[in-house]
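Asker: I have a structure here, written as structure tokens, and I will follow up with some questions on it.
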Amino acid sequence: MSDQAYEIAALVVYFAAMIGIGYYAYRQTGNHEDYMLGGRKLPPWTAALSAGASDMSGWLMMGLPGAIYAAGLVEAWIAIGLTIGAYLNWLFVAPRLRSYTEVAKNSITIPSFLENRLHDTSRALRVASGAIILVFFTFYVSSMLVAGGQFFVIAFDGPYLGGVLLVAIVTLAYTLFGGFLGASLTDVVQGLMMMFALLVVPVIAISAVGGLDETTAAIREVDPNHLSLLGDATLSATTVVGIISAAAWGLGYFGQPHIIVRFMAMRDAAAAGPARRIGIGWMVLSLIGAVACGIIGVAFFTRTAATLDDPELVVLAMAQDLLHPVLVGFVFAAVLAAIMSTVSSQLIVSSSAFVEDLYKVFGRDTSERALLTLGRVCVLAVAVIAGLLALNPNNTILDLVAFAWAGFGASFGPAIILSLFWRKLTNWGALAGMVAGAVVVFAWDAYGEAISGVDLYEIVPGFIANLVVAAVVSRMTYVPNAEMEREFDTAVEVVGRKKVAAA
């Protein structure tokens, strides 16, 4: 049996398991709310691992290790920023969002929550939010399909287009019918696969190089600064801006719909505590593994006869050189798991944005069965458009993900935080801030460095612009509303009661 046959067999087992889980979820999905939010019944471990797996995507297995391999530990500030951002998101946003979305007319999407929380009768906030989700998620899904295509090129020397299509088809097979529950349950398996792969590969690579001391020496021979979190250690303006840009990835967590929707789907606000501990534990181990793969890969490809053509393929290339073909197949499956877990989650949120926040807003009186069908049609449509965008990739995976991450973080992050913790946020303030954040992200990505002279990650100016505009416009348009005050107090009280009960 050839090496490739073993690898393909492992992938077939993985694909079959994902489709089987999707079928199980299909049997558990009875209505539109089940399809979009899993009936708000996720236990802590499912919510935690699902949020983590849908968050980390192909950049964890390819983009981040590639950046570490190419630039050194200075790129690890991305991992540090993400860990801090995720922890704060679970600690502060998760319990209150779970409580408030139920208080605010049982909202099942982020746009509907913002509309109900701020009593927006114009519907403009909900429509704008839904449109932003569809636009940025199309880019995001496209970046994951690019990763899938590149994966098949290195793994099997196959066609890029074939990889894009296979990833899209298999992901659709369990997402189209299994809905939110299918995406969440497959995320659990995929998250565990990703973590184990990222921990096993660098350990075996160190052994192959000759131990930890030899590995460190080999890295220093290539570039002594590769092991420094400060890069060249001179703390130049460029270095400082680079560190700020990398750490600023953590700001994005507060506005990622495919992540925070897991908070809304938990069985209650008290589940946020144990979910936070599980989720952050998984995240820390996975990020340590990804960073280790990138930095140890420098020593491995220096000390051995192995070659690496593309830094973003460092995990795959080391696995092929170090592991038995069956294990290589499961590492390959872990890479696909990282990609597919994110794609499935984003397709579901895109579908909910279209059905709940665009289609239903315009007064369509549609049956539950028709809404369920429409949601599945939207999943298919977004996948097709993203697939077309992925046919001719021009950027790295990390670049594509970074843009979409910044778009969501700067558009929704301040709106979510202010809506949960500031009584005086208004619908017009949230809308103006959201638009400002999105516009600044697009403008800064295109012209920011040329105008400012610094290569600052666009999420930073976008997030700040949103906060400032939202606060100023809210101050100008705020009118006391007794019902909104009551709902705010109720949401806070529910979280407090749940914490006491959990203790």
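Asker: Using the alpha-carbon atoms, what tilt in degrees (0 to 90, nearest 10) does helix 124-156 show relative to the longest principal axis of the chain?
Answerer: In the chain, helix 124-156 runs at an angle near 10 degrees to the longest axis.
Asker: Continuing with this model, one more query. Could you work out how much longer the chain between residue 489 and residue 391 gets when fully extended? Use 0.36 nm per residue separation minus the Cα distance between them, nm to one decimal.
Answerer: Details: separation 98, 0.36 × 98 = 35.28 nm, distance 4.97 nm.
Length gained between residue 489 and residue 391: 30.3 nm.
Asker: So, one more: Using θ = phi - 60° and the Karplus curve 6.51 cos²θ - 1.76 cosθ + 1.60, what whole-Hz ³J(HN,Hα) does each residue of the stretch 419-427 get, with Gly and Pro shown as x?
Answerer: Taking θ as phi minus 60°, the curve returns 5, 8, 10, 10, 5, 8, 5, 10, 4 Hz for the stretch 419-427.
Asker: Only counting other Cβ atoms within 10 Å, I'd like 226, 119, 324 sorted with the fewest neighbours first.
Answerer: By the 10 Å Cβ count, ascending: 324, 119, 226.
Asker: Could you point to the residue in 253, 150, 290 farthest towards the positive end of the chain's charge dipole, with +1 and -1 charges on the Cβ of Lys/Arg and Asp/Glu respectively?
Answerer: Of 253, 150, 290, it is 253.
Asker: How do 263, 177 line up, fewest other C-beta atoms within 10 Å first? Don't skip to the answer; put the middle values down first.
Answerer: Numbers: 263 25, 177 18.
In order of increasing Cβ crowding within 10 Å: 177, 263.
Asker: For the chain, what is the relative contact order in percent, using Cα pairs closer than 8 Å and at least 6 residues apart in sequence? Can you show the working numbers first?
Answerer: On the way: 891 pairs, mean separation 157.2, N = 503.
With pairs under 8 Å counted, the relative contact order is 31 percent.
Asker: Report the gain in length on full extension from residue 84 to residue 225: 0.36 nm times residue separation, minus Cα-Cα distance, nm rounded to one decimal.
Answerer: Details: separation 141, 0.36 × 141 = 50.76 nm, distance 2.45 nm.
Here the answer is 48.3 nm.
Asker: Shifting gears a bit: Packing-wise, with mean Cβ within 10 Å as the measure, how do 63-76, 128-141, 406-419, 482-495 rank, highest first? Please report the intermediate quantities before stating the final value.
Answerer: On the way: 63-76: 24.0, 128-141: 22.2, 406-419: 27.6, 482-495: 15.2.
Ranking the peptides 63-76, 128-141, 406-419, 482-495 by packing returns 406-419, 63-76, 128-141, 482-495.
Asker: If each residue's Cβ is checked for other Cβ atoms within 10 Å, how do 97, 118 rank with the fewest at the top?
Answerer: On the way: 97 28, 118 24.
Neighbour counts put them in this order, fewest first: 118, 97.
Asker: Across the chain, how many lysine pairs, 8 or more apart or on two chains, come within less than 21 Å at their alpha-carbon atoms? If you can, show how the numbers build up before the last one.
Answerer: Values: 41/105; 41/498; 41/499; 105/360; 105/424; 105/498.
Total qualifying Lys-Lys pairs in the chain comes to 6.
Asker: Compute the long axis of helix 44-58 from its Cα atoms, compare it with the longest principal axis of the Cα atoms of the chain, and write down the angle in degrees, 0 to 90, nearest 10.
Answerer: Roughly 60 degrees, rounded to the nearest 10.
Asker: Step through the residues of the stretch 333-342 one at a time and calculate ³J(HN,Hα) from phi using the Karplus curve (6.51 cos²θ - 1.76 cosθ + 1.60, θ = phi - 60°), rounding each to whole Hz and writing x for Gly and Pro.
Answerer: With the stated coefficients, the stretch 333-342 comes to 5, 5, 5, 5, 4, 4, 6, 6, 4, 6 Hz.
Asker: Under 8 Å for C-alpha pairs, at least 6 residues apart: give me the relative contact order for the stretch 107-225, rounded to a whole percent.
Answerer: Working: 48 pairs, mean separation 12.1, N = 119.
Here the relative contact order equals 10 percent.
Asker: Compute the long axis of helix 272-303 from its Cα atoms, compare it with the longest principal axis of the Cα atoms of the chain, and write down the angle in degrees, 0 to 90, nearest 10.
Answerer: Relative to the chain, helix 272-303 is tipped by roughly 30 degrees.
Asker: If the viscosity is 1.306 mPa s and the temperature 10 °C, what Stokes-Einstein diffusion coefficient in µm²/s follows for the stretch 210-312 when Rh is the Kirkwood radius over Cα pairs?
Answerer: Answer from the Stokes-Einstein relation: 93 µm²/s.
Asker: Also: Would you mind working out the magnitude of the charge dipole of the chain relative to its Cα centre, with +1 at each Lys and Arg C-beta and -1 at each Asp and Glu C-beta, to the nearest 20 Debye? Each step should come with its number before you reach the end.
Answerer: Working: 26 positive and 35 negative charges, 400 e Å.
It comes to approximately 1920 debye.
Asker: Related question: Any idea what the dipole of the stretch 235-394 comes to, in debye rounded to 20, about its Cα centre with Lys/Arg Cβ at +1 and Asp/Glu Cβ at -1?
Answerer: About 400 debye.
Each value in this text was obtained by applying a stated rule to the coordinates, not by laboratory testing. What you see is a predicted model, and the numbers here were worked out from it, not measured in a lab. All Cβ positions, glycine included, derive from the backbone under ideal geometry; neighbour counts span all protein chains shown.
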